[in-house]
1. Rounded, prolate or oblate: which fits segment 39-132 when a ≥ b ≥ c are the square roots of the eigenvalues of the alpha-carbon gyration tensor, with rounded for a/c under 1.5 and prolate only if a/b beats b/c?
2. List every residue whose amide H lies under 5 Å from the amide H of Gly121, counting only residues 5 or more places away in sequence or on a different chain, with H placed 1.01 Å from N in the peptide plane.
3. At 222 nm, what value in deg cm²/dmol follows for the chain if DSSP H runs of at least 4 each add -39500 (n - 2.57) and the sum is divided by all its residues, to the nearest 500?
4. Restricting to the chain, compute how many DSSP beta bridges are antiparallel as a %, nearest 5.
5. Scan around Val205 for amide H atoms under 5 Å from its own, H built in the peptide plane at 1.01 Å from N, and keep only partners 5 or more places away or cross-chain.
6. Could you order the peptides 192-202, 6-16, 50-60, 72-82 from most to least packed, using the average number of other C-beta atoms within 10 Å per residue?
7. Using the structure shown, list the pairs from Lys59/Lys144; Lys6/Lys80; Lys103/Lys146; Lys146/Lys179; Lys34/Lys144; Lys59/Lys80 with a Cα-Cα distance above 28 Å, or answer none.
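We did not get these values from a lab; they are worked out from the coordinates using the rules stated. All values derive from a computational prediction rather than experimental measurement. Note that each Cβ is placed from the backbone with ideal geometry, even for glycine, and that neighbours are counted across all protein chains shown.
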Amino acid sequence: MVARLKAGASILDLGCCFGQDLRHMAADGAPTEKMYSSDIIPEFWDISYDLYRDAGHMKARFIPADVLDPASPLVELQGKLDILLANQVFHLFDWERQVEAGKNMVALSRLGTWLVGYQIGSSVGRAVPVRTTTGGEAGGAGSKTKFFHTPETWREMWRQVQRETGTEWEVESSLRPLKEWGLEDEDSAWMGPAARGFEFIVRRVDDYDLNGKD
């Protein structure tokens, strides 16, 4: 990704929190003028300048937005981005909301765009209950479950996104033992034995033929 950014590509970090991933790329030599960041909690980005003490040279533009809102302020970037970074985003939602998030990301893309990220996956694709901080199951209007993917279910979900957006994407993903991410057994026990690290890259390759492939 850094090589693409050095060549002039633009990038949006979705769910950026403190912008640590963009700053890592900047430390590796990527220019920050074409970087964008977004989170539903804008205070994270404000705090990040104090954490990294880089207000004078971090040129990324922050846009507060909800990735599930198709009419969010991110609409100004529709069709303009070369790289979408979505670390630990999709696994926050159930299948239906993941599809909606994917469709909103597709709207930001153009031919050749990469969607890159990592999240919690599973050796068996499954919906798991969303837990509250007190250990109970979540209620209300939000997602009551979140979906942990395998490479197969991830590809299936992207087939649905493609059908509903009229675009075509190459989909690659893989599972990793959580220990490769630095998590010990006690750190991940709450996720269950099927939990894995899940890494993906999805590349937009062409306009999609609604009457052809699926």
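1. It is oblate, given that a/c is not under 1.5 and a/b is not larger than b/c.
2. Correct list: Arg196, Gly197, Phe198.
3. -7500 deg cm²/dmol
4. The antiparallel fraction comes to roughly 65 percent.
5. Gly112, Glu168, Trp169, Glu170
6. 6-16, 192-202, 72-82, 50-60
7. Lys59/Lys144; Lys34/Lys144
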